[in-house]
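Asker: Just passing along the structure, written as structure tokens.
Each value in this text was obtained by applying a stated rule to the coordinates, not by laboratory testing. In this text the structure is predicted, and so the values were computed from the model without any measurement. Neighbour counts are summed over all protein chains in view; Cβ atoms, including those assigned to glycine, are modelled from backbone coordinates with ideal geometry.
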Protein chains: 2
Amino acid sequence: MPVGLSNELPQIHPVAGAYLGATAAKIKKNGKTDLVVIEFVEGSITAATFTTNACCAAPVTVAKQHLAKTQPRALLINSGNANAATGEPGLVNARQTCAWLAAELGCQPEQILPFSTGVIGEPLPMQKIQAGLPDALANRKVDGWAQAMAGIMTTDIVPKMVSRVVKVDGHDVTITGMAKGSGMIHPNMATMLGYVVTDAKISQSLLEQCLKQAVKKSFNRITVDGDTSTNDACTLTATQQADMPTITDENSPAYQQFKAEIDDVMTILAQMIVRDGEGATKFIAVEVNGGQTEEECLKVAHAVALSPLVKTAMFASDPNWGRILAAVGRAGLVDLDINKLQIYLGGVCIVRDGGRAADYTEDQGQKVMKNEEIEVRIELNRGAVSETVWTCDFSYDYVKINAEYRS
Amino acid sequence: MPVGLSNELPQIHPVAGAYLGATAAKIKKNGKTDLVVIEFVEGSITAATFTTNACCAAPVTVAKQHLAKTQPRALLINSGNANAATGEPGLVNARQTCAWLAAELGCQPEQILPFSTGVIGEPLPMQKIQAGLPDALANRKVDGWAQAMAGIMTTDIVPKMVSRVVKVDGHDVTITGMAKGSGMIHPNMATMLGYVVTDAKISQSLLEQCLKQAVKKSFNRITVDGDTSTNDACTLTATQQADMPTITDENSPAYQQFKAEIDDVMTILAQMIVRDGEGATKFIAVEVNGGQTEEECLKVAHAVALSPLVKTAMFASDPNWGRILAAVGRAGLVDLDINKLQIYLGGVCIVRDGGRAADYTEDQGQKVMKNEEIEVRIELNRGAVSETVWTCDFSYDYVKINAEYRS
């Protein structure tokens, strides 16, 4: 069961100017909701980030091209089929689905951003999408978030949503977001999608900056097994419907407040993906302090967070500090002085002066490791930079899920 | 059971000038052989390579310092305790064991290279080593290879030895080597050690060059889970006892023949470590051709060889080509054109023209995947460089071994 998550949805605050519709178009074999349209009122602006995987899926390529030309009026999302590794026909198909939706909405095909998640390498089932579109469109509404959330899930065990009304420079601003992904790692699944919508009034350049920085510290700071997917994408749309002056100054309190809220929403969504990681029984934060650069902090954090040895020890609730130390050592830092290094499990110092901390006892470590949520803190003591990465443990179920997925 | 290996030792050809002794000094809890001395006749020369892990063990630091000063007269190896993450006392202990052995052999402490493998973070049991040394020394002999092999094993399931007499420019040369390591990945174990001895007459500079190049294409081309150990080391010693002219020219047929044999011996030893990888049920070669640089070939090969998704699919004998393609895509190659890419499983083309090969059938892939030894070949078609990496699959037993190791 996902760590610290439940099946219950939070209270969802609809965002003025965003209309969500969904239907079961039979793309998924289990007959569940799998086709989603999110329409935005005219004047909305959208920023987006996409996977850096060179074998990115057709919808990623098409969405990037469309976004470069104009502002989107709608997102078209299907689950059950990733339209990835489908070559030129995949691109033609992705564009065709945009054309169909554009015709219904009375806009240009370039004003539609397509997204797909699901099995890799199978042709997109075009007839099913064409047949399902009218129904998805017909039921679109501002409070259609729950059905949309259901429509983007694949092997996710729980829905992942955050919704809040916040004060930005004294004005009410709504932010509602959803994400799917069970660790960026699903078998043939092309995985992580995130959609955050706000009614804030904000300039395009600040919206883009805000998304870029928020993703960097949230979705780009989670890892389940290092396998990034071909379809990962995240969008941030501002419908501009809130009663407020437009945010145009990055040094204004309004922007700082807005940015802090978006950071927080995206961080929670990202962590939810890890908490729902395949086979996860523990949620682990790896915090690296005292680094010289962001890059070296991340090298260390990823070496620890991705180490199968550390992850299996976490699964076993084993305070196996030697594995953490060895992972730090192989992270590739130049002139790392092991004698300056400190490693903490929860609040307990486990490594100091080049070896096991003199006052450490196995009992102390064991007590920390029994928790479902564990913090590993690494003090490099050679600079002032900090970075945190979130991950989960590595269990029998991870192997089971990934070995048996297609059988 | 290790893939394609047995418990049987090969025919071992003793190397003139190398005397191996071993004893059970009770460092290992199970009472098995754990202390080894390999003495070399005067005039022998040794080249060595060591782990790049910044948290390297005390014996690694000491061995490097000793090697920089003089030629070794003996190697002193213990298993059961890694003397890693032991701080300053660990260095003092490693030097002390060298001093003890040097006194027995009547040489300088700097003429001894120390090696340790076993549990991390525990103090080296000095009394046991001191007490065991006389016995290990007393039984040293040119045909002591089998007992020495037993003495360097920790969690290895099978011994790993290669021995042969070859012709080098018409002269008989003996090469005998042994390695230990169950995938560089053992829990608290600090893992990979390799010792190759030959009676060849060769210059120090060519011996060093030969080792460096051989290790690069053998021990540095294997991976089980990406966790490199704190104690990895490999030595190549030439006792100079063969009846031949000294090899001094790197362009001579003699050097080329000698180098080819060393390459081959080290490659077989390295592959044995992967075949005995924790929980391994498959031996996998990942061959990348048509790259622009060695670096990019290795990036792709490692992305595939380290992907838990690929490795669990291998365990399941599932020809899950989407996972291999996604791993290639995230390897970080600049301007990788997915449409030029071809991926083969065994001889079967599974990916071509940006997606599943048109003539591929699941049956063909299934047939390849049922084998114990599988070749994944990736044709980048953008250059002339090739690289191969060897790995094993990722099974339930991997998680079991690593989660339960200390309990």
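Asker: Which of these, A:57, A:331, A:136, has the largest mean-square fluctuation under a Gaussian network model of chain A (Cα springs below 10 Å)?
Answerer: A:331
Asker: Cα atoms only: what Rg and Dmax, in Å, come out for the protein assembly as shown?
Answerer: Taking only Cα atoms of the protein assembly as shown, I get Rg and Dmax of 29.3, 94 Å.
Asker: Still on this structure: Check the straight Cα-Cα distances from residue B:180 and name the aspartates and glutamates below 14 Å, setting aside those fewer than 8 residues away within the same chain.
Answerer: Leaving aside aspartates and glutamates fewer than 8 places away in the same chain, those within reach of residue B:180 are B:34, B:156, B:232, B:276, B:278.
Asker: Oh, and also: Using +1 at the Cβ of each Lys and Arg and -1 at the Cβ of each Asp and Glu in segment A:18-275, identify which of A:229, A:37, A:112 lies farthest towards the dipole's positive end.
Answerer: The residue sitting most towards the positive pole is A:229.
Asker: Under 18 Å from the Cα of residue A:340, which lysines turn up, not counting those fewer than eight places away in the same chain?
Answerer: Cross-link targets: A:299.
Asker: Now, a different point. If one takes the longest principal axis of the Cα atoms in chain A, at what angle in degrees, from 0 to 90 and to the nearest 10, does the Cα axis of helix A:126-138 lie?
Answerer: Roughly 80 degrees, rounded to the nearest 10.
Asker: Sticking with this one: Counting Lys and Arg as +1 and Asp and Glu as -1, each charge on the Cβ, what is the dipole of the protein assembly as shown about the Cα centre in debye, to the nearest 20?
Answerer: Working: 72 positive and 90 negative charges, 133 e Å.
Taking the Cα centre of the protein assembly as shown as origin, the dipole is about 640 debye.
Asker: Taking the alpha carbon gyration tensor of segment A:189-334, what are the square roots of 5 times its eigenvalues, largest first, to the nearest whole Å?
Answerer: Semi-axes from the Cα gyration tensor: 34, 18, 12 Å.
Asker: Right, another one. Looking at chain A as a GNM with Cα springs under 10 Å, which of A:182, A:163, A:386 has the largest mean-square fluctuation?
Answerer: A:386
Asker: Hey, got the dipole for chain A? About the Cα centre, +1 on K and R Cβ, -1 on D and E Cβ, debye to the nearest 20?
Answerer: On the way: 36 positive and 45 negative charges, 156 e Å.
Magnitude of the dipole: close to 760 debye.
Asker: Helix-only estimate, please: 222 nm mean residue ellipticity of chain A, summing -39500 (n - 2.57) across DSSP H runs of length 4 or more and dividing by its residues, to the nearest 500.
Answerer: Using -39500 (n - 2.57) per qualifying helix, the result is -10500 deg cm²/dmol.
Asker: Right, something else. Just want the ordering: A:88, B:375, from fewest to most Cβ atoms lying within 10 Å of their own Cβ.
Answerer: Going from sparsest to densest Cβ surroundings: A:88, B:375.
Asker: Please work out whether segment A:99-227 counts as rounded, prolate or oblate from its C-alpha gyration tensor, where a ≥ b ≥ c are the square roots of the eigenvalues and a/c under 1.5 means rounded, while otherwise a/b larger than b/c means prolate and anything else oblate?
Answerer: Oblate.
Asker: Tally Lys and Arg at +1 and Asp and Glu at -1 over the other residues with C-beta under 14 Å from the C-beta of residue B:380: what net charge comes out? Intermediate results must be reported in sequence, preceding the final value.
Answerer: Numbers: positive: B:299, B:340, B:352, B:377, B:382; negative: B:287, B:294, B:295, B:296, B:335, B:337, B:379, B:387.
Local net charge: -3.
Asker: Pull up the DSSP beta bridges for chain A and report the antiparallel fraction as a percent, rounded to 5. Each step should come with its number before you reach the end.
Answerer: Values: 52 of 75 bridges.
Beta bridges within chain A, antiparallel portion: roughly 70 percent.
Asker: Multiply the residue separation of residue A:165 and residue A:212 by 0.36 nm, subtract the distance between their alpha-carbon atoms, and state the gained length in nm to one decimal.
Answerer: Between residue A:165 and residue A:212, full extension yields 14.7 nm more.
Asker: Still on this model: For segment A:364-407, what is the convex hull volume of its Cα atoms per residue in Å³?
Answerer: Considering the Cα atoms of segment A:364-407, their hull volume per residue is 120 Å³.
Asker: Within straight cross-link reach of residue B:141, meaning Cα distance under 14 Å, which aspartates and glutamates are found once same-chain residues fewer than 8 apart are removed?
Answerer: Qualifying aspartates and glutamates at Cα under 14 Å: B:39.
Asker: For A:66, A:171, what's the fewest-to-most ordering of other Cβ within 10 Å of each Cβ?
Answerer: Fewest-to-most Cβ neighbours within 10 Å comes out as A:171, A:66.
Asker: Now a separate question. With no solvent and one point on each alpha carbon, what is the Debye value of log10 I(q)/I(0) for segment A:29-127 at q = 0.12, 0.21 Å⁻¹?
Answerer: Cα-only, vacuum Debye calculation for segment A:29-127: -0.35, -1.07.
Asker: Sticking with this one: Gaussian network model of chain B, Cα springs within a sub-10 Å range: biggest mean-square fluctuation belongs to which of B:296, B:372, B:104?
Answerer: B:104
Asker: A further question on this structure: Nearest-5 percent of antiparallel DSSP beta bridges in segment A:178-335?
Answerer: Among the beta bridges of segment A:178-335, antiparallel pairing accounts for roughly 30 percent.
Asker: Let me ask something else. Quick check: Cα centre of segment B:1-33 to Cα centre of segment A:81-124, how many Å?
Answerer: 61 Å
Asker: Can you give the three extents of the C-alpha atoms in segment A:334-398 along their principal axes, from longest to shortest, in whole Å?
Answerer: 39, 27, 19
Asker: Any idea which of A:378, A:132, A:207 is furthest toward the positive side of the dipole for chain A, if Lys and Arg beta-carbons carry +1 and Asp and Glu beta-carbons -1?
Answerer: A:132
Asker: In degrees from 0 to 90, rounded to the nearest 10, what is the angle of the helix A:87-105 Cα long axis to the longest principal axis of chain A?
Answerer: 50 degrees
Asker: In the P(r) worked out for segment A:266-364, what percent of Cα pairs fall beyond 15 Å?
Answerer: Values: 3124 of 4851 pairs.
It works out to 64 percent of all Cα pairs.
Asker: What would the Debye formula give as log10 I(q)/I(0) at q = 0.07, 0.09, 0.13 Å⁻¹ for the alpha-carbon point model of segment A:18-275, no solvent?
Answerer: So the normalised log intensities work out to -0.21, -0.35, -0.74.
Asker: Using every Cα-Cα pair within segment B:26-68, state what percent have a distance larger than 13 Å. If you can, show how the numbers build up before the last one.
Answerer: Values: 635 of 903 pairs.
Summing the P(r) tail past 13 Å for segment B:26-68 gives 70 percent.
Asker: Sticking with this one: Fewest first, what order do B:52, A:97, B:267 take by the number of other Cβ atoms within 10 Å?
Answerer: Details: B:52 12, A:97 24, B:267 19.
Exposure proxy ranking, most exposed first: B:52, B:267, A:97.
Asker: Once you have the Cα-Cα distance between residue A:375 and residue A:61, take 0.36 nm times their residue separation minus that, and quote the gain in nm to one decimal.
Answerer: So the chain would gain 109.3 nm between residue A:375 and residue A:61.
Asker: What are the equivalent ellipsoid semi-axes of segment B:220-296, built from the alpha-carbon gyration tensor (square roots of five times its eigenvalues), in whole angstrom, biggest first?
Answerer: Values for segment B:220-296, descending: 30, 19, 12 Å.
Asker: In whole angstrom, note down how far apart the Cα centers of segment B:354-401 and segment B:229-258 are.
Answerer: 35 Å
Asker: Sticking with this one: To test your reading of the geometry: what angle, between 0 and 90 degrees and rounded to tens, separates the Cα axis of helix B:58-69 from the longest principal axis of chain B?
Answerer: Roughly 70 degrees, rounded to the nearest 10.
Asker: Would you mind telling me the antiparallel percentage of the DSSP bridges in the protein assembly as shown, rounded to 5?
Answerer: Details: 106 of 152 bridges.
The antiparallel proportion sits near 70 percent.
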